[in-house]
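The values are calculated or read from the model by the stated rules, or taken from the named source; none is laboratory data. Quick caveat: nothing in here was measured; it's all calculated off a predicted structure. Neighbour counts are summed over all protein chains in view; Cβ atoms, including those assigned to glycine, are modelled from backbone coordinates with ideal geometry. In case anyone asks, the SASA skips ligands and DNA or RNA and just uses the protein heavy atoms, side chains included. Shrake-Rupley method; radii C 1.70, N 1.55, O 1.52, S 1.80 Å.
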Amino acid sequence: MALDHEQRFGNKNAARPAATGNAARGRKPAAGQAQSGQAPATEAKPRGDAKPKLQVQKAKKLRLRSPSQDIKNKAQKLKEVRVDLNEIEPVRLQKALSSSGVGSRREMEEWIEAGLVTVNGKKASLGDKVGPQDKVLVKGDQIKLKWPDRLPRVIMYHKEEGEIVTRDDPEGRVTVFDRLPQAKSSRWVAIGRLDVNTAGLLLITTSGELANRMMHPSFEVEREYSVRVLGDLTPEIMKEMTKGVELEDGEARFDRIFQTGGQEESANQWFNVVIKEGRNREVRRMFEHFGLTVSRLMRVRFGNIGLPPRLKRGQFYELNAAEVAAVMKWSNLTVTGGKKTGGQRRGSPRKPKAARSE
């Protein structure tokens, strides 16, 4: 089951891509304006051999009415929850630096190997672990490490086609991190990726533990996609898709597949598919295996979070504290990201009340 958004907005995981901006109004784009409806892009100075980076318009935040006083009180209490730093277990140095926004984990490993990092006055090496009491210097500057001692942040973003899910693209293309607000005290982590031609729900969080919990194949978290298919998808093919087909990187299968729209005489038909892993272009390749073409692909659900119909392309919504706590509980994590005893929670969490939409 999804968060309260699904119940409130009536989301049945059958969202449809829709035209946006000038295209939706039947107007031609203004001179110099991108087809996507974004503001005219200007070039920034390139770094090294990388192509010039485009300056893009920031994503709009989905506006909600003020929640009830009960929700406000609960959210405030959750925000005030802190874990004693002395109870936090040491973690690998490169992970602590990356989580604190110093750089990517791979980059941190390179800096450690180059002797640019010291811990408590000694040159660090790969495999070293640090805790809240350790003093870490990078290139001579002391780093204030950030620790998961409080509730993380979680953003739902309706990704547009043409955007890529990466931090730095050498080709200068627009990334989702260019569009979203900065995380001042930590580092955003994307929960799963969507390829450049896929739109829909993208979850972004400051909790690496939550991201790992939802992405790792061993936890088998469901991803649901709305797919527009060109070709004749027969019941026999659908049955084979749920049994499993052999792709170049191993067997793949859909847990469920069902038709959701499209006239019988139309060349394009809409289907929803549910899959429990996120290999590269796996959904598209499943259909291509049977000679079918995916003309549109959109993720409408990840785990227990569905894409609200009110969240339009290029918009984002930051979950309130009560909603984040429900996601952490469903993922079998403590409020601050620690692992609970026992297996992953499979049932639905108790849905928190949420603010009414405008």
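Specify the residue that is modelled with the lowest pLDDT; the eligible residues are those in region 304-338 that are open to solvent by 10 Å² or more (accessible area, probe 1.4 Å) and touching an Asp or Glu at 6+ places or on another chain (Cβ under 7 Å). Taking the candidates together, the pick is Thr336.
Residues in region 264-303 that are buried (at least 21 other Cβ atoms within 10 Å of the Cβ) and of a type in the set (Asp, Glu): there are none.
Restricting region 171-199 to residues that are farther than 26 Å from Thr336 by Cβ and hydroxyl-bearing (Ser, Thr, Tyr) leaves a set whose member that is surrounded by the fewest Cβ atoms within 10 Å (Cβ to Cβ) is Thr175. Filtering Ala114, Ala124 for residues that are open to solvent by less than 40 Å² (accessible area, probe 1.4 Å) and farther than 30 Å from Lys60 by Cβ leaves a single hit, Ala124. Among the residues of region 77-97, write down those that are within 15 Å of Val130 (Cβ to Cβ), modelled with pLDDT under 85 and assigned to a helix (DSSP H, G or I). Listed by number, the residues that qualify are Leu85, Asn86.
With respect to the conditions (1) more than 27 Å from Asp168 (Cβ to Cβ); (2) without any contact (Cβ under 8 Å) to a residue 12 or more places away in the chain, Leu85 falls short on a single one, namely (2). Within the option set Leu151, Leu202, being crowded, with 22+ Cβ neighbours inside 10 Å and part of a loop (DSSP other than H, G, I, E, B) holds for one residue only, Leu151.
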